Amino acid sequence: MSQTFRLDDLMQMARTEGRIVAEDAAKRMGVTVQTIRRDLLKLSEAGKLTRVHGGAVLASGTSNIGYADRRELNTAEKEAIAAACAAEIPDNAAIFMNIGTTTEAVARALIGHRGILVVTNNINVANTLVANPECEIVVAGGQLRRTDGGLVGTLANRIVEQFKFDLAIIGCSALDADGDLLDFDMLEVGVSQTAIARARKTFLVADHTKFARSAPARIASLADIDTFFTDRPPEAGLSARCKAWNTQIVVAG
């Protein structure tokens, strides 16, 4: 396989799987690990990937991975996270859910819940929950982001402000070593911040790939989160901070 084809395949692997493990990529492409490492170095120097121990991840920047690609990332892990989160959501609860593929997974896990009210700025969440006749759905109007079905902006904020939620279910694009929840869109961040302020409890749903990414806009801190649902434990320092903040960590799957 020529280097040009390998580079294209490596980028596709990074988009669909969240990261590249050099040894796995070498086996799949029938080349040596050293060859893959040289390819990853070339992509890193081009600003497309960021080298990490054992491989590489998509380079951090000011734009997110495409929504369709995100839907294909870590689907089993997201479903496990969603099931664990939904198990902690009681019937007859008032819930906010923000934009994201993991919150979509939580919506699917809520199909059997009874007497719930869900307010969301995520059209995909609303469409999913139509299948639950026991769910009242309120869509927070706002500027439609065609790329992912998100509704953002001042109007969405004003609608969310009218509620007092039992729970806010929040996803994020990245989670840094300081415990900050990060995202790419300031308008989306504003809606999530409003929901957190209007909720009695907040749940974060985020898989392990968020630890390897970065984004420019801060939503909140894990100190503001009651329970963090993920698929792998955070590194020891962040786990210790969560304990000090009384933020519960639930590792699903």
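What order, most packed first, do the peptides 202-212, 82-92 have when packing is the mean number of other Cβ atoms within 10 Å of each residue? Intermediate results must be reported in sequence, preceding the final value.
Values: 202-212: 22.8, 82-92: 16.3.
Top to bottom by mean Cβ count within 10 Å: 202-212, 82-92.
Roughly how many nanometres apart are two label points built 7 Å out from the Cα toward the Cβ at ASP24 and GLU161?
4.5 nm
Taking amide H positions as placed 1.01 Å from N in the peptide plane, with prolines and chain starts having none, which residues 5 or more places from SER221, or on another chain, fall under 5 Å of its amide H?
LEU181
Relative to the Cα centre, what is the charge dipole magnitude of segment 69-251, using +1 at the beta carbon of each Lys and Arg, -1 at the beta carbon of each Asp and Glu, and rounding to the nearest 20 debye? Could the numbers behind the result be given before it?
On the way: 18 positive and 23 negative charges, 49 e Å.
In debye, rounded to 20, segment 69-251 gives about 240.
Quick check on the chain: take the gyration tensor over C-alpha atoms, sort the square-rooted eigenvalues as a ≥ b ≥ c, and tell me if it's rounded (a/c under 1.5), prolate or oblate.
Working: a/c = 1.98, a/b = 1.80, b/c = 1.10.
Prolate, because a/c is 1.5 or more and a/b exceeds b/c.
Let me have the 222 nm mean residue ellipticity of the chain computed from DSSP H runs of 4+ only, each contributing -39500 (n - 2.57), with the sum over all residues rounded to the nearest 500. Before the final figure, lay out the partial values.
On the way: 10 runs with 99 residues, N = 253.
Helix contribution divided over all residues of the chain: -11500 deg cm²/dmol.
How big is the gap, in Å, between the Cα center of segment 91-107 and the Cα center of segment 184-253?
With segment 91-107 and segment 184-253 each reduced to a Cα centre, they are spaced 15 Å.
Tell me, what ³J(HN,Hα) does each residue in segment 219-224 have, in order and in whole Hz, if you take phi through Karplus 6.51 cos²θ - 1.76 cosθ + 1.60 with θ = phi - 60° and put x for Gly and Pro?
8, 5, 10, 4, 5, 8
Mind checking which aspartates and glutamates have their Cα closer than 18 Å to the Cα of LYS27? Skip sequence neighbours fewer than 8 apart in that chain.
Qualifying aspartates and glutamates at Cα under 18 Å: ASP8, ASP9, GLU17, ASP39.
What percentage of the solvent-accessible surface of segment 176-253, computed with a 1.4 Å probe over protein heavy atoms, is contributed by carbon and sulfur atoms? Intermediate values should be presented prior to the final figure.
Values: 1690 of 3400 Å².
The nonpolar share, carbon plus sulfur, comes to 50 percent.
Roughly to the nearest percent, how much of the accessible area of segment 3-60 is carbon and sulfur, given a 1.4 Å probe? Please list the in-between numbers first.
On the way: 1590 of 3280 Å².
Carbon with sulfur: 48 percent of the solvent-accessible area.
Please calculate how many Å² of accessible area the chain carries per residue, with a 1.4 Å probe and no DNA, RNA or ligand atoms counted.
Numbers: 11580 Å² over 253 residues.
Ligands and nucleic acids excluded, the result is 46 Å² per residue.
In terms of modelled amide H atoms, which long-range or inter-chain residues lie less than 5 Å from the amide H of ALA94?
LEU117, ASP166, LEU167
Give the cross-link partners of LYS78 among the lysines, using a straight C-alpha distance below 17 Å as the criterion and excluding same-chain residues fewer than 8 apart.
In chain and number order, the partners are LYS210.
Going toward the positive end of the dipole of the chain, with +1 on Lys and Arg Cβ and -1 on Asp and Glu Cβ, which of LEU175, VAL118, PHE5 do you reach last?
Farthest towards the positive pole: PHE5.
Work out, step by step, the length gained on full extension between GLU136 and ARG232: first 0.36 nm times the residue separation, then minus their alpha carbon distance; give nm to one decimal. Walk me through the numbers on the way to the answer.
Values: separation 96, 0.36 × 96 = 34.56 nm, distance 3.29 nm.
Length gained between GLU136 and ARG232: 31.3 nm.
When we measure straight from the Cα of LYS42, which lysines land under 19 angstrom away, once same-chain ones fewer than 8 places off are left out?
Those lysines meeting the cut-off do not exist here.
Collect residues whose amide H, placed 1.01 Å from N in the peptide plane, falls under 5 Å from the amide H of VAL52; neighbours closer than 5 in sequence don't count.
Residues meeting the amide H criterion: VAL57.
The values are calculated or read from the model by the stated rules, or taken from the named source; none is laboratory data. Just so you know, these numbers come straight off a predicted model, no measurement behind them. With ideal geometry, Cβ positions are generated from the backbone for all residues, glycine too; neighbour counts draw on all protein chains shown. Note: areas computed on protein heavy atoms with side chains; ligands, DNA, RNA excluded. Shrake-Rupley method; radii C 1.70, N 1.55, O 1.52, S 1.80 Å.
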